[in-house]
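This report refers to the structure that appears directly beneath it.
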Amino acid sequence: MRDIADLRLSNILLAVDDEGIARVTLNRPAKRNALDLATIEELIDIFTTLPRAGVRAAILDAAGDHFCAGLDLVEHHREDRSAADFMQVCLRWHDAFNRMEYGGVPVIAVLQGAVVGGGLELASAAHIRVAGPGTYFGLPEGQRGLFTGGGATVRVADLIGKARMIDMMLSGRLYRGNEAVSVGLCQYMVDDPAAHALQIARKAAQNPPLSNFAICSAISHMQNMSALDAAYAEAAVAGVVNTQAAARDRLAAFAGGTADKIKPA
């Protein structure tokens, strides 16, 4: 198992505080934090390692004025990839974002400036998105002769609906401010998104890790199932999570009694 200290990172900064909260910072501000393949590989390494390192929550932010401008178009043009090659690149993006969404560690994204294209795909893999007043969201692939390849057809369409996503891609429509909150692109629009995200991360970090794992993994898995299968899976997960020792202790404190008075559900 790799340790956080063993990670070799060039495009991302990573630090973990005394509360077990990791800060993952995209660090290519001169490129508006565009995602090249090396950055995607670093995201894979980070979000493979964090759940196994005892991290209680993660804040995903970015250096500079913009969260992420999406695919590094300079690299894309320079590499002149074949269709098969670029499909493999997209699968690496999927691997990175799946590890974020399904890893079981709460990920809170701090958004500012551009959250466009692949940057929106990255943000949509976070569990909570906190945006500042200057944040704007877009999917400009249509105007660039491109198509989304990092999971937007799954995650962004799930957040805002198919019709709105198609409109964004065809017309270049941008969402900002309270409109972005109302359609579901972010949950919060605040003056100080970094401070607000830290508050959320601290609250989440106080939850039992098994509860957070279920919330940040099982719900997404269940959305991929039929209603009947999801209900069965929910019951199984609840059976495990709701009878853990941490749940018994908290229920005992809530009830004002002792753990031995609480009978299993």
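The values are calculated or read from the model by the stated rules, or taken from the named source; none is laboratory data. Treat the numbers as computed from the prediction; the structure is a model and nothing was measured. Cβ atoms come from the backbone with ideal geometry, glycine included; neighbour counts cover every protein chain shown. Note: accessible area is taken over every heavy atom of the protein model, side chains too, but ligands, DNA and RNA are not part of it. Shrake-Rupley method; radii C 1.70, N 1.55, O 1.52, S 1.80 Å.
The residue pairs whose first member lies in the range 163-183 and is more than 13 Å from LEU146 (Cα to Cα), whose second member is surrounded by fewer than 16 Cβ atoms within 10 Å (Cβ to Cβ) and of a type in the set (Lys, Arg), and whose beta carbons are closer than 7 Å, counting only pairs six or more residues apart or on different chains, are ASP167/ARG173.
I want to confirm something. Restricting to the range 161-175 and keeping residues that are out of contact with any strand residue (DSSP E or B) (no Cβ under 8 Å at 6 or more places or on another chain) and closer than 16 Å to VAL115 by Cβ, which single residue is most open to solvent (accessible area, probe 1.4 Å)?
Let us first name the residues in the range 161-175 that are out of contact with any strand residue (DSSP E or B) (no Cβ under 8 Å at 6 or more places or on another chain), namely 161-167, 169-171.
Remaining after also requiring closer than 16 Å to VAL115 by Cβ: 164-165, 169.
Values: ARG164: 104, MET165: 12, MET169: 25 Å².
Restricting to residues being out of contact with any strand residue (DSSP E or B) (no Cβ under 8 Å at 6 or more places or on another chain) and closer than 16 Å to VAL115 by Cβ, the top hit is ARG164.
For the range 115-138, give me each residue that is of a type in the set (Gly, Ala, Ser), farther than 25 Å from LEU91 by Cβ and buried (at least 24 other Cβ atoms within 10 Å of the Cβ).
Looking only at the range 115-138, we keep the residues that are of a type in the set (Gly, Ala, Ser), and these are 117-119, 123-126, 131-132, 134, 138.
Next, only the ones that are farther than 25 Å from LEU91 by Cβ stay: 131-132, 134.
Scanning the range 115-138 gives a single hit, ALA131.
None of ASN224, ASN178, ASN212 is open to solvent by 50 Å² or more (accessible area, probe 1.4 Å) and touching a strand residue (DSSP E or B) at 6+ places or on another chain (Cβ under 9 Å) except ASN178.
Of the listed requirements (1) farther than 19 Å from VAL116 by Cα; (2) in a loop (DSSP other than H, G, I, E, B); (3) touching a strand residue (DSSP E or B) at 6+ places or on another chain (Cβ under 6 Å), ALA58 misses just one: (2). Screening ALA218 with (1) in contact with a helix residue (DSSP H, G or I) (Cβ under 8 Å, 6 or more places away or on another chain); (2) assigned to a helix (DSSP H, G or I); (3) open to solvent by less than 20 Å² (accessible area, probe 1.4 Å); (4) in contact (Cβ under 8 Å) with a residue 60 or more places away in the chain gives one miss only, at (4). Here ARG78 clears all of (1) open to solvent by 20 Å² or more (accessible area, probe 1.4 Å); (2) touching a residue at least 24 places away in the same chain (Cβ under 8 Å) except the condition numbered (2).
The rows are residues; the columns are (1) out of contact with any helix residue (DSSP H, G or I) (no Cβ under 8 Å at 6 or more places or on another chain); (2) part of a loop (DSSP other than H, G, I, E, B); (3) surrounded by fewer than 17 Cβ atoms within 10 Å (Cβ to Cβ).
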site: GLU19; (1), (2), (3): no, yes, yes
site: ALA38; (1), (2), (3): yes, no, yes
site: GLU42; (1), (2), (3): yes, no, no
site: ILE46; (1), (2), (3): yes, no, no
site: ASP65; (1), (2), (3): no, yes, yes
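Entry remark, the range 1-16: residues being open to solvent by less than 60 Å² (accessible area, probe 1.4 Å), without any contact (Cβ under 8 Å) to a residue 40 or more places away in the chain and either more than 22 Å from VAL105 (Cα to Cα) or part of a loop (DSSP other than H, G, I, E, B) (or both) number 2 in total.
Applying the set (1) surrounded by fewer than 15 Cβ atoms within 10 Å (Cβ to Cβ); (2) touching an Asp or Glu at 6+ places or on another chain (Cβ under 9 Å); (3) closer than 28 Å to GLU41 by Cβ to ALA152 leaves exactly one unmet item: (1).
Name the residue, out of ALA247, ALA197, that is surrounded by 16 or more Cβ atoms within 10 Å (Cβ to Cβ), more than 18 Å from SER124 (Cα to Cα) and either of a type in the set (Gly, Ala, Ser) or touching a Gly at 6+ places or on another chain (Cβ under 9 Å) (or both). Spell out the reasoning first.
Values: ALA197 fails: more than 18 Å from SER124 (Cα to Cα).
Among ALA247, ALA197, only ALA247 is surrounded by 16 or more Cβ atoms within 10 Å (Cβ to Cβ), more than 18 Å from SER124 (Cα to Cα) and either of a type in the set (Gly, Ala, Ser) or touching a Gly at 6+ places or on another chain (Cβ under 9 Å) (or both).
Give me a count of the residues in the range 21-33 that are open to solvent by 70 Å² or more (accessible area, probe 1.4 Å) and either assigned to a loop (DSSP other than H, G, I, E, B) or over 15 Å from VAL115 (Cα atoms) (or both). First the steps, then the outcome.
Applying the first criterion (open to solvent by 70 Å² or more (accessible area, probe 1.4 Å)) to the range 21-33 yields 23, 30-32.
Next cut, either assigned to a loop (DSSP other than H, G, I, E, B) or over 15 Å from VAL115 (Cα atoms) (or both) only: 23, 30, 32.
The total comes to 3.
Which helices (runs of 4 or more DSSP H) sit wholly inside the range 73-169 and have at least 2 residues that are within 30 Å of PRO209 (Cβ to Cβ) and modelled with pLDDT of 95 or more? Result: 83-102, 118-124, 155-160.
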